[in-house]
Each structure stands twice: as structure tokens, then as C-alpha cells.
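Peer 1: My structure is below; once you've seen it, I'll send some questions.
The values are calculated or read from the model by the stated rules, or taken from the named source; none is laboratory data. As the structure is a prediction and not an experimental result, all values here were calculated from the model. Positions of Cβ are backbone-derived with ideal geometry, glycine not excepted, and every protein chain shown enters the neighbour counts. Each accessible area value is taken on the protein alone, full model and side chains, heavy atoms only, with ligands, DNA and RNA left out. Shrake-Rupley method; radii C 1.70, N 1.55, O 1.52, S 1.80 Å.
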Amino acid sequence: MPKDTQRASSGATEDPKAFTPFADDAGVRTIGSLSFENGTDRIALHGSLDLTRDRTGLEQARLLRKTLDAIVKTLEASDLPEAVAEAPDAPPRSVKNPFA
């Protein structure tokens with residue numbers, strides 16, 4: 001079954017089906033094994049999704065369409081830059097071995 005989860009909940013009562021694109025850095029919508037990880041400047045997609053030819057597949061396809069439509073509407077309603085600036089890679093740092 002499709003599910004929608006929120007990480008790092010603030011304790012407020014939220015609609016478990018809610019996924020507002022680009023609204024926070026904590027929301028996740030999971031459809032099958034495909035996850036949409038929300039961010040304020042990007043949404044990351046991870047996993048895979050098999051749309052089966054049955055009622056479950058139809059429900060998952062509808063939720064996928066609803067999620068993508070919400071992302072597109074949010075982008076269309078925004079004044080977008082040409083590209084999002086990439087964060088510079090932090091140089092690796094040494095840490096004390098916790099097993100030593």
C-alpha cells in the first residue's frame with residue numbers, strides 16, 4: 001500500500017497524506033519502494049516502483065501522479081533561478097577512532 005511518512009515531526013498534528021514540495025527538509029513520501037525526500041531547494045528520489053496491473057498499482061499510480069503534479073505546480077508558481085547553487089564539498093576531517 002502507498003504510504004506517506006514525515007520525518008522529524010514537530011509534534012503538530014499533520015495530515016499523514018500531506019506532502020508539500022519544497023516546504024521543509026524533513027518530509028518524505030514513499031510509494032512502494034520509491035521515496036520522495038523533500039528539501040527546500042531540491043527533492044531527491046530514491047528507490048524503485050513497480051506499478052502492477054491491479055487496484056494497488058492504480059492507487060500507487062494515482063499517488064505518483066498527485067505527487068508529481070504538486071511538484072510541477074510548486075515549480076511553475078515560483079520565480080526560479082537558472083540553476084540551484086551547489087553547496088561546496090566540505091573537506092574530509094579526521095575524527096578520533098572510537099574503538100581505540
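Peer 1: Lys66 to Glu82: extension gain in nm, 0.36 nm per residue of separation minus the Cα-Cα distance?
Peer 2: Taking Lys66 through Glu82 to full extension adds about 3.2 nm, to one decimal.
Peer 1: Which of the peptides 50-63, 26-39, 68-81 is most tightly packed, and how do the rest follow, judged by the mean count of other Cβ atoms within 10 Å per residue?
Peer 2: 26-39, 50-63, 68-81
Peer 1: With a sphere of radius 10 Å drawn around the Cβ of Gly39, what net charge do the other residues whose Cβ falls strictly inside it have (Lys, Arg +1; Asp, Glu -1)?
Peer 2: -3
Peer 1: Ok, one more. Using label points projected 7 Å from each Cα along Cα→Cβ, tell me how many nm separate Glu37 and Asn97, to one decimal.
Peer 2: According to this spin-label approximation, the distance is 3.0 nm.
Peer 1: Carbon and sulfur together cover what percent of the accessible area of segment 44-100 at a 1.4 Å probe radius?
Peer 2: 55
Peer 1: Rounded to the nearest 0.05, what FRET efficiency is calculated for Arg53 and Lys73 with R0 set to 30 Å and r the Cβ-Cβ distance?
Peer 2: 0.60
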